[in-house]
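**Student:** This is the structure, below, for whatever I ask next.
The values are calculated or read from the model by the stated rules, or taken from the named source; none is laboratory data. Quantities reported herein were computed from a predicted structural model and do not represent experimental measurements. Ideal geometry is used to build each Cβ from the backbone, glycine not excepted, and the neighbour counts take in all protein chains shown. The accessibility values were calculated without ligands, DNA or RNA, using every heavy atom of the protein model including side chains. Shrake-Rupley method; radii C 1.70, N 1.55, O 1.52, S 1.80 Å.
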Amino acid sequence: MTASSTTVTTGDPGHAVVEHSPVGGLAHDSRGGISNPILGMLLFICSEVMFFSGLFAAYFSVRASSLHWPPGPPQVPEALAEHFNLHAEPLFAAVLTAILITSSFTCQFAVWAIRRDDRKGLVRNIAVTLVLGIVFLLGQLYDYSTIGFGISDTPFGTTFYTLTGFHGAHVFGGAVMLSVVLYRGLAGQFSSRHHDAVEATSLYWHFVDVVWIALFSTLYIL
């Protein structure tokens with residue numbers, strides 16, 4: 001990376017100080033460290049990793065202590081037994097997974113766009129990401145309405161709704177962050193030199209995506 005220079009004349013004749021400024025608009029990187037918003041988001045994600053690790057540990061603990069998984073007769077009525085087998089119909093959940101993975105790509109495209117001062121690209125990709133996130137949430141609510149069992153139906157129902165419900169809450173939180181970024185992007189508040197909020201939001205959204213992939217693999221495939 002090249003650097004531009006500015007000559008500043010001091011009171012001492014013949015003595016000048018040359019100051020270098022980075023070119024490329026990466027002011028938040030010019031200090032040679034990580035910005036506070038991004039560091040804060042990374043620390044928050046670390047705490048969320050521990051939170052979801054505890055939920056997954058509880059799920060596998062309950063699963064290991066059960067003779068049949070998912071539960072079947074005589075643990076549950078025969079009319080409900082077929083609904084507990086999520087492995088039989090993973091297609092809808094796979095579609096939701098594809099939607100969320102796609103939104104992760106568009107979110108990263110938004111980051112790359114603002115790094116090169118492409119504000120239109122930022123707004124366009126953040127808007128698409130937000131729409132895909134909302135579609136995912138609506139799809140999850142539809143899945144809840146048709147899945148055939150509730151949170152109180154055996155430990156399987158409890159762990160299923162706890163895991164997916166908390167993840168859905170995190171997706172909703174991410175949608176709120178994306179909405180704020182979209183609003184600020186439309187207002188022209190981001191540039192290649194100032195876009196830490198975009199970077200931090202993208203990190204959170206990628207984390208939400210990775211958690212769902214782990215959930216889908218655990219609940220619908222394993």
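**Student:** Write out, first by first residue and then by second, each pair whose Cβ atoms fall under 7 Å of each other, whose residues are 6+ apart or on separate chains, and whose first residue, in the range 180-197, is closer than 18 Å to Asn36 by Cβ while the second is outside any helix (DSSP H, G or I) and hydroxyl-bearing (Ser, Thr, Tyr).
**Tutor:** Once the first residue is closer than 18 Å to Asn36 by Cβ and sits in the range 180-197, its partners that are outside any helix (DSSP H, G or I) and hydroxyl-bearing (Ser, Thr, Tyr) give Asp196/Ser35.
**Student:** Which of the residues spanning the range 203-215 are touching a Leu at 6+ places or on another chain (Cβ under 8 Å) and of a type outside the set (A, V, I, L, M)?
**Tutor:** Trp205, Asp209, Trp212
Per-residue answers, yes or no, for (1) in contact with a Pro (Cβ under 8 Å, 6 or more places away or on another chain); (2) farther than 19 Å from Thr129 by Cα; (3) among the aromatic types (Phe, Trp, Tyr); (4) loosely packed, with under 14 Cβ neighbours inside 10 Å:
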| position | (1), (2), (3), (4) |
| --- | --- |
| Thr146 | no, yes, no, yes |
| Ser152 | no, yes, no, yes |
| Pro155 | yes, yes, no, no |
| His167 | no, no, no, no |
| Gly174 | no, no, no, no |
| Leu178 | no, no, no, no |
| Phe190 | no, no, yes, no |
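**Student:** When you scan the range 128-144, do you find a residue that is open to solvent by less than 30 Å² (accessible area, probe 1.4 Å), of a type in the set (Phe, Trp, Tyr) and out of contact with any Pro (no Cβ under 6 Å at 6 or more places or on another chain), even just one?
**Tutor:** Yes - at least one qualifying residue is present in the range 128-144.
**Student:** Filter the range 117-143 down to the residues that are in a loop (DSSP other than H, G, I, E, B) and aliphatic (A, V, I, L, M) and list them by number.
**Tutor:** Selection gives nothing.
**Student:** What single numbered condition from (1) in contact with a strand residue (DSSP E or B) (Cβ under 8 Å, 6 or more places away or on another chain); (2) modelled with pLDDT of 55 or more fails to hold for Gly40?
**Tutor:** (1)
**Student:** Moving on to the next point. With out of contact with any Asp or Glu (no Cβ under 9 Å at 6 or more places or on another chain) and over 22 Å from Ser192 (Cβ atoms) as the only criterion, which of Asp153, Asp118 stands out?
**Tutor:** Asp153
**Student:** Being more than 14 Å from Glu48 (Cα to Cα) and open to solvent by 20 Å² or more (accessible area, probe 1.4 Å) is the filter here, so list the residues in the range 200-213 that pass it.
**Tutor:** Passing the criteria: only Ile213.
**Student:** In addition: Considering the range 97-116 alone, what residues qualify as being assigned to a helix (DSSP H, G or I) and open to solvent by 10 Å² or more (accessible area, probe 1.4 Å)?
**Tutor:** Residues satisfying the conditions are Thr97, Ala98, Ile99, Ile101, Thr102, Ser104, Phe105, Thr106, Gln108, Phe109, Trp112, Arg115.
**Student:** In addition: Scan the range 144-154 for residues that are part of a helix (DSSP H, G or I) and on the phi > 0 side of the Ramachandran plot and report the count.
**Tutor:** Adding up the residues that qualify gives 1.
**Student:** Residue pairs, Cβ under 8 Å, 6 or more apart or interchain, first in the range 117-135 and without any contact (Cβ under 8 Å) to a residue 60 or more places away in the chain, second open to solvent by 30 Å² or more (accessible area, probe 1.4 Å) and among the β-branched types (Val, Ile, Thr). List them.
**Tutor:** Leu132/Ile99; Leu132/Thr102; Val135/Ile99
**Student:** Then there is this: At pLDDT 90 or above, of a type in the set (D, E, K, R) and either touching a Ser or Thr at 6+ places or on another chain (Cβ under 8 Å) or farther than 14 Å from Val208 by Cα (or both) - does that describe any residue in the range 166-185?
**Tutor:** yes
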